[in-house]
Amino acid sequence: MKKIYFFLRGVLLIIGCILLIGGCKEETIAEARYLTVSSPSGESVTVSGEGGTFEISVQTNLQWTVKAESDGSVVKWITFSQSSGIGDGTVTATVLKGTYDSRIAVVSVMSKDEQLVHSFNVKQESSGEAPEAEGYAIPAYSIFQNIDDRDVTLGIANAEVNGGTCKFEGGATITMSGAASEVTFVSTNYYQVNAQFTGWGAEDAKDIVVKVPVKEDLSGDLRMFWGWTSSVASSWKVYAGIDGENWTDTGTTMGFTKSARFNRTIFFSVPGTVPAGGSLYLRLVPETTLSAGDNVQFCTGFFLTRSKPDEVTPPSGDKILYYCDFNNVTTGCPYNMPLGYLRSSSEAFDASAFGYDGISKSGTVVGEWGSVRIGSGSGEAALVFPPLSEEKLGNGTADVKVSFKAVLYQSADYLNDKEGKASCNIAVSIAEGEGTVENGEITDLSNWTDFEERSVVIKGANKDTRIRIGISGGSGDRRFYLDDVVVEAISDITIPSETNKTLTEILSGEDGTISESVKTTVTVLSDPNGANLPVNAVIVTDGTSYAALNFSSATSLTSGTKVTLSLKGAVLDKKASSLSVSPEMISEKEDGISPAPKTVTVAQLPSLEYHFVEVKNIQAAESFVGKTFSGEVLMENAEKETFGMNIYPSASFAGGVIPEYSGSVKGIVIGGKLCPRTAEDINLVLDRMGSGEVKLFKPVFCTYEFTDGSTTPQIKNATISGQTVSFTNGGSIERVGGSEGEMAFAQGKASTPYNVYLYSTGWNVDGTYWQLSCPATEEISGKVAVTFSLNSSVKEVQQVWNIFWSNDGESWNPTEYTWNKANNTDALATEAKNTFTAQNTTSNGITRTEFTVPSGKKIAAGKNLYIKIVPTKTLTGAATKVQLGFGFYVAPGDILNMDKPANAVIFNNFSECTAGTDYMLGPEVRYFGNVTTPAYSKEGWTVVSGFSRTGYAMFGGAKTGDHGITTPEIGTLGGKSEVTVSFKCCLYMPSSYVGAKDDICVKVATGEGTVGELVWDSAPESDYYGWHTATVKVSGVSSATRIFIGAGAGKAEGDRRFFLDDIVVK
């Protein structure tokens, strides 16, 4: 009862209070609520894709808020200068830069109780920029990062795990298949975080798939650098894909070993193209059976790159002596990227494997993706770079600047960036060669994050200088990274003074090492292609002597190469006429024309050591026929004089069968034996010889015989029908192919009626050519020479033409040697082979081409020899005239020279002369004899107005005398004071048919002596196309006597040109 009483009393008291308060309240009238909002364009605002601002005016007597929403969610791309207020106010709205797609939001201004609301649309137009795909750009990487390195239990900041999948914040995932698969993070220590995959042993636990989303199209060759280990040794096949379903074998198998913390590198090609926004997939399939208790760990993270670092443009110019950018290094990872413990890779740098031949190392050097890391935690190390550019320095010296980029190492196993830093100095020094380093120790390198450039100056570096860059002292960690090494000359190159010497002077020196600074320039005679040489031998000449170079890079010097050798340090062997040299001694090298051989006799070979010669009209001795080319092969001439031909076991043609045929052999004389350079030097294709002299076939002339005194060409021995000229001896000239055109004879000016030529038009069709044919009066075989004159004043005719020969007019063979005004030396004619350039006049156009008709293709008497002359480019003008001057003729190609008599003290058979046409064939040569040939010269002889011909020389001009040749000094005569001089001479018959006059004489040019009467075997003016032999005695001579032979007797005026051969003084 007591409780009820108190309850009622309380209720009454509360009611009374309420009534009392109500009775005291004053009566008020409420103010009307309003909210008015205005925007720039009423109910809708449009903003460009670039973004912008607009103002919202609010008139109200209420508390209000403003917001922007889309699909019920607040948007972040519109912000406001204030989000709420009381009473009137102005709000500035800011619209951020837009996206590729346009977008709309609703802006609402409302009273606090949301009873009054004013809304309008804000539309933003497209920015016009395509949206950036999500994912990684290449190079791509993700590295596990702790939330707190000091408390690894807090977990990983940038990755999460869910079942059998580990996902990085960047979007990459590593997923193990299988319902029971599970991935957890494990930490060996704070800097080595691994994702551990378990659940193996189940049937559906088949693989691990790594997925890397990419921002841009991805294709081509890539490299993945990552860390893997497993609780048991295991082997894994790696596949690549672009859709997660179809897989291509990368050809890589990775081996995981227990507790092997470090990294694996795989190179692979993307099987197609991953589009921007797509993903690259790598699938790892175990080849090893894993059990339920096993685990596999993905260590630290991954680094995906192209297959090699991006190429950079190397520095260039004459001053750059060496450059190494290490961009071939495809192991490891770059130091200047945040790759954590991946940077602790330790794959040794193999310079040769990466293409950096010549770099050597000491200590620990590791390849690190486009750079190298030098040193270790406690040991010193260095790289030594190759010698500087020999091509640019030669034998000179220069001051150089060595520039490079470097960064000191900081280990990943430290908790802050002030710990674990390398503290070494870097030293630049000379490992080999010359040079003085200035301030070579780098002590100011205090960076641990990115590369900085440093440089050091070396005074007086040379081509042998090898530069060492390495660690200099320090304590604790002594590792640093090195990149972009450049050695640049900063001064002019100083060439030490060297004395030029001839090979003769050098070979006359003392045996042993050459200590003086001398150089010589030589031409290579040997040919490494045939390999028929002593090991490491090169045969050379400078024109004064011949020698063998013992040279480790002998195969790099081909025939004709011109080489300047700096011989300080070379070793001379006088007895062997050899020099042992090194490749560095070559200061200059220039490609050149392979020298022509000197034609010699069998008897001359022993005295011609290291000469390049040709012996003609020889064959293998009967006992060697049918055997193989190996060792010494006995060769013989028609007189049964023998010599040895040597084939080294290394020769590319060793083992071939020795033919029974005769012919010629070219080669180098080594040890008194002839050593062919190549198989082509052995030209044994003619019938086997008996005894006696070589028989030459009779020449065949198809030259135009014109009527003297006529002003128009009246050819007596040939007629034209259509496009064919037919000679009375059965020969012909035919224009084969072509369009309709004209063929006719024409004649030069009235003053040169002998300049008769044939011309033809209609050459504007592919495949048009001249065909010359002539019947053999005797069997034709062996060396053959065909002479003609092809010319035109039209430029397009003055092109390169090709020449071929045939014994049947169907099977064509290229000729072997072609001489004309352009190819006017033996070397050039040999190089030209079957080509020549047509000239502008009939005399300039005279061309002689030579070839060998082998025994199997000999041309019997009465059968035809065919010649085809073809332009390399079809002529364009139908009316263009192509001319053949004077006709053509066929003659033996061999030049037979007299052998030196045993008792001769001076001898000249003019064997060096191989140019032009053979005037001595007879009057049928006609205008072909009017040919310009190179000047003749011979060491020791003085020549005035002399010119080479085929095995002899021509001297003089039409109106001058005192031209001819002077012998060398006679030398010791063994007590005798009288000599007999003999020579062969022929006066010249010019085209005008007014023969040269006999003005031939013999005089003592210098020294003592009295010349007797000149006796001829026949008068020189009796036959202008045959040799006449002259003999004269000279008494009272001394060793210094030199004898002149030539025109200068003063007996005649007018043309005094003549030919000379076979000078003998005995």
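Looking at (1) at pLDDT 90 or above; (2) assigned by TED's automatic domain parsing to the domain that holds Glu622, which is the one condition that is false for Val725?
The failed condition is (2).
With the structure loaded, tell me whether Ser508 is crowded, with 19+ Cβ neighbours inside 10 Å, farther than 24 Å from Glu680 by Cβ and hydroxyl-bearing (Ser, Thr, Tyr) or whether it fails that test. Talk me through it step by step, then tell me what you get.
Details: crowded, with 19+ Cβ neighbours inside 10 Å: no; farther than 24 Å from Glu680 by Cβ: yes; hydroxyl-bearing (Ser, Thr, Tyr): yes.
No, not satisfied.
Filter the range 85-101 for residues that are loosely packed, with under 14 Cβ neighbours inside 10 Å, of a type outside the set (Asp, Glu) and over 17 Å from Phe54 (Cβ atoms) and give the result.
Initial filter on the range 85-101 (loosely packed, with under 14 Cβ neighbours inside 10 Å): 86-88, 90, 92, 97, 100-101.
Next cut, of a type outside the set (Asp, Glu) only: 86-87, 90, 92, 97, 100.
Hits for the range 85-101 are Ile86, Gly87, Tyr100.
With the condition being more than 40 Å from the chain's Cα centre (by Cα), I'd like the strands (runs of 3 or more DSSP E) fully within the range 760-851 carrying at least 1 qualifying residues. Spell out how you get there, then give the answer.
Working: elements: 769-775, 782-791, 800-806, 817-819, 835-837.
Hits in the range 760-851: 769-775, 782-791.
Which count do you get for residues in the range 852-871 that are surrounded by 17 or more Cβ atoms within 10 Å (Cβ to Cβ) and at pLDDT below 90?
Number of matching residues: 1.
Would you check which residues across the range 456-510 are assigned to a loop (DSSP other than H, G, I, E, B), within 21 Å of Ser582 (Cβ to Cβ) and at pLDDT 95 or above and list them?
Of everything in the range 456-510, just one residue is assigned to a loop (DSSP other than H, G, I, E, B), within 21 Å of Ser582 (Cβ to Cβ) and at pLDDT 95 or above, namely Thr465.
Of the residues that sit in the range 208-239 and are within 36 Å of the chain's Cα centre (by Cα) and hydrophobic (A, V, I, L, M, F, W, C), which one is surrounded by the most Cβ atoms within 10 Å (Cβ to Cβ)?
Checked the range 208-239; the qualifying residue surrounded by the most Cβ atoms within 10 Å (Cβ to Cβ) is Leu218.
For the range 68-79, name all the residues that are surrounded by fewer than 17 Cβ atoms within 10 Å (Cβ to Cβ) and assigned to a strand (DSSP E or B). Reasoning before the result, please.
From the range 68-79, those surrounded by fewer than 17 Cβ atoms within 10 Å (Cβ to Cβ) are 69-74, 76, 79; that's our starting set.
Of everything in the range 68-79, those that are surrounded by fewer than 17 Cβ atoms within 10 Å (Cβ to Cβ) and assigned to a strand (DSSP E or B) turn out to be Glu69, Ser70, Ser73, Val74, Thr79.
Here are some residues: Lys598, Lys640, Lys627. Which one is farther than 30 Å from Ser497 by Cα and touching a His at 6+ places or on another chain (Cβ under 9 Å)?
It is Lys598.
Report, by residue number, each residue of the range 709-757 that is in a loop (DSSP other than H, G, I, E, B) and small (Gly, Ala, Ser).
From the range 709-757, those in a loop (DSSP other than H, G, I, E, B) are 709-714, 716-717, 722-723, 728-731, 737-742, 748-755; that's our starting set.
Within the range 709-757, Gly709, Ser710, Gly722, Gly730, Gly731, Gly737, Gly738, Ser739, Gly741, Gly748, Ala750, Ser751 qualify.
Given the conditions (1) in the same structural domain as Ser577 (by TED's automatic domain parsing); (2) of a type in the set (A, V, I, L, M, F, W, C); (3) out of contact with any helix residue (DSSP H, G or I) (no Cβ under 9 Å at 6 or more places or on another chain); (4) in a strand (DSSP E or B), and given that Val522 satisfies all but one, which numbered condition is not satisfied?
Going through the list (1) in the same structural domain as Ser577 (by TED's automatic domain parsing); (2) of a type in the set (A, V, I, L, M, F, W, C); (3) out of contact with any helix residue (DSSP H, G or I) (no Cβ under 9 Å at 6 or more places or on another chain); (4) in a strand (DSSP E or B), Val522 breaks only (3).
Within the range 653-708, can you find the residues that are out of contact with any helix residue (DSSP H, G or I) (no Cβ under 6 Å at 6 or more places or on another chain), closer than 20 Å to Ala638 by Cα, of a type in the set (Ser, Thr, Tyr) and in a loop (DSSP other than H, G, I, E, B)?
Listed by number, the list holds a single entry, Ser691.
Being charged (D, E, K, R) and either over 23 Å from His611 (Cβ atoms) or not in a strand (DSSP E or B) (or both) is the filter here; which residues of the range 569-591 pass it? Outline the logic, then answer.
Residues of the range 569-591 that are charged (D, E, K, R), as a first pass: 573-575, 584, 588-591.
Hits for the range 569-591 are Lys574, Lys575, Glu584, Glu588, Asp591.
Inspect all residues belonging to the range 183-201 and state whether any of them is under 48 Å from the mean Cα position of the chain (by Cα) and surrounded by fewer than 18 Cβ atoms within 10 Å (Cβ to Cβ).
Among the residues of the range 183-201, not one is under 48 Å from the mean Cα position of the chain (by Cα) and surrounded by fewer than 18 Cβ atoms within 10 Å (Cβ to Cβ), which makes the answer no.
Hey, among the residues in the range 996-1029 that are among the hydrophobic types (A, V, I, L, M, F, W, C) and crowded, with 20+ Cβ neighbours inside 10 Å, which one's farthest from Gly940 (Cα to Cα)? Spell out the reasoning first.
The initial filter retains those residues of the range 996-1029 that are among the hydrophobic types (A, V, I, L, M, F, W, C), namely 996, 1000-1002, 1004-1005, 1011, 1014-1016, 1019, 1027.
In the following step, the residues that additionally are crowded, with 20+ Cβ neighbours inside 10 Å were identified as 996, 1000-1002.
Details: Ala996: 29, Ile1000: 22, Cys1001: 21, Val1002: 18 Å.
Among those that are among the hydrophobic types (A, V, I, L, M, F, W, C) and crowded, with 20+ Cβ neighbours inside 10 Å, it is Ala996.
Is at least one residue of the range 545-568 touching a Gly at 6+ places or on another chain (Cβ under 7 Å), among the hydrophobic types (A, V, I, L, M, F, W, C) and in the same structural domain as Ser580 (by TED's automatic domain parsing)? Break it down stepwise before answering.
Our first condition is that a residue be touching a Gly at 6+ places or on another chain (Cβ under 7 Å); within the range 545-568, this holds for 560-562.
Next, only the ones that are among the hydrophobic types (A, V, I, L, M, F, W, C) stay: none.
No, every residue in the range 545-568 fails to be touching a Gly at 6+ places or on another chain (Cβ under 7 Å), among the hydrophobic types (A, V, I, L, M, F, W, C) and in the same structural domain as Ser580 (by TED's automatic domain parsing).
Return the total of residues in the range 970-999 being modelled with pLDDT under 85 and hydrophobic (A, V, I, L, M, F, W, C).
Residues that pass the stated criteria total 2.
Thr872 - would you say it is under 30 Å from Thr966 (Cα atoms) and either touching a residue at least 12 places away in the same chain (Cβ under 8 Å) or of a type in the set (Val, Ile, Thr) (or both)?
Spelling it out, it is not the case that Thr872 is under 30 Å from Thr966 (Cα atoms) and either touching a residue at least 12 places away in the same chain (Cβ under 8 Å) or of a type in the set (Val, Ile, Thr) (or both).
If only one of Ser269, Ser307, Ser291 is surrounded by fewer than 15 Cβ atoms within 10 Å (Cβ to Cβ), in contact with a Leu (Cβ under 8 Å, 6 or more places away or on another chain) and in contact (Cβ under 8 Å) with a residue 60 or more places away in the chain, which one is it? Walk me through it before giving the result.
Working: Ser269 fails: in contact (Cβ under 8 Å) with a residue 60 or more places away in the chain; Ser291 fails: in contact with a Leu (Cβ under 8 Å, 6 or more places away or on another chain).
On inspection, the qualifying residue turns out to be Ser307.
Is it true that some residue in the range 324-337 is over 30 Å from Asp492 (Cβ atoms), acidic (Asp, Glu) and either in contact (Cβ under 8 Å) with a residue 24 or more places away in the chain or crowded, with 16+ Cβ neighbours inside 10 Å (or both)?
Looking for residues that are over 30 Å from Asp492 (Cβ atoms), acidic (Asp, Glu) and either in contact (Cβ under 8 Å) with a residue 24 or more places away in the chain or crowded, with 16+ Cβ neighbours inside 10 Å (or both), one finds none in the range 324-337, hence no.
For the range 210-236, name all the residues that are within 24 Å of Ala157 (Cβ to Cβ) and in a strand (DSSP E or B).
If we filter the range 210-236 for residues that are within 24 Å of Ala157 (Cβ to Cβ), which is where we start, we get 210-215, 224-229.
Once the filter is applied, which keeps residues that are within 24 Å of Ala157 (Cβ to Cβ) and in a strand (DSSP E or B), the range 210-236 yields Val210, Lys211, Val212, Pro213, Val214, Met224, Phe225, Trp226, Gly227, Trp228, Thr229.
Which one is surrounded by the fewest Cβ atoms within 10 Å (Cβ to Cβ), of the residues in the range 905-929 that are farther than 30 Å from Gly940 by Cα and among the charged types (D, E, K, R)?
That would be Glu924.
Would you pick out the residues in the range 641-666 that are of a type outside the set (Ser, Thr, Tyr) and touching a Lys or Arg at 6+ places or on another chain (Cβ under 6 Å)?
Of the residues in the range 641-666, the ones of a type outside the set (Ser, Thr, Tyr) are 641, 643-647, 649, 651, 653-660, 663, 665-666.
Across the range 641-666, the qualifying residues are Gly644, Asn646, Ile658, Glu660.
Go through the range 872-904 and count every residue that is within 26 Å of Cys985 (Cα to Cα), of a type in the set (Val, Ile, Thr) and surrounded by fewer than 20 Cβ atoms within 10 Å (Cβ to Cβ).
Adding up the residues that qualify gives 1.
For the range 211-223, which residues satisfy the criterion of being in contact with a Lys or Arg (Cβ under 8 Å, 6 or more places away or on another chain) and either under 30 Å from Asp294 (Cβ atoms) or at pLDDT below 95 (or both)? Spell out the reasoning first.
Let us first name the residues in the range 211-223 that are in contact with a Lys or Arg (Cβ under 8 Å, 6 or more places away or on another chain), namely 220-223.
If the condition is that a residue be in contact with a Lys or Arg (Cβ under 8 Å, 6 or more places away or on another chain) and either under 30 Å from Asp294 (Cβ atoms) or at pLDDT below 95 (or both), then Leu222, Arg223 are the ones that fit.
Out of (1) modelled with pLDDT under 95; (2) surrounded by 16 or more Cβ atoms within 10 Å (Cβ to Cβ); (3) under 30 Å from Ser578 (Cα atoms); (4) not hydrophobic (A, V, I, L, M, F, W, C), what's the single condition that is false for Pro676?
The number of the failed condition is (1).
Do we find that Lys795 is among the charged types (D, E, K, R) and closer than 24 Å to Arg949 by Cα in this structure?
Working: among the charged types (D, E, K, R): yes; closer than 24 Å to Arg949 by Cα: no.
No; evaluated as a whole, the condition is false for this residue.
Looking at the structure I just gave you, is Ala180 outside any strand (DSSP E or B) and either surrounded by 14 or more Cβ atoms within 10 Å (Cβ to Cβ) or polar (S, T, N, Q) (or both)? Walk me through how you get there before you give the answer.
Working: outside any strand (DSSP E or B): yes; either surrounded by 14 or more Cβ atoms within 10 Å (Cβ to Cβ) or polar (S, T, N, Q) (or both): yes.
Yes.
Here's the yes/no breakdown for (1) more than 26 Å from Tyr281 (Cβ to Cβ); (2) loosely packed, with under 14 Cβ neighbours inside 10 Å:
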position	(1), (2)
Glu129	yes, yes
Tyr136	no, no
Asn162	no, yes
Ile174	no, no
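The values are calculated or read from the model by the stated rules, or taken from the named source; none is laboratory data. Predicted, not measured: the structure shown is a model, and the values here were computed from it. Cβ coordinates were reconstructed from backbone atoms using ideal geometry, including for glycine residues, and neighbour counts include every protein chain displayed.
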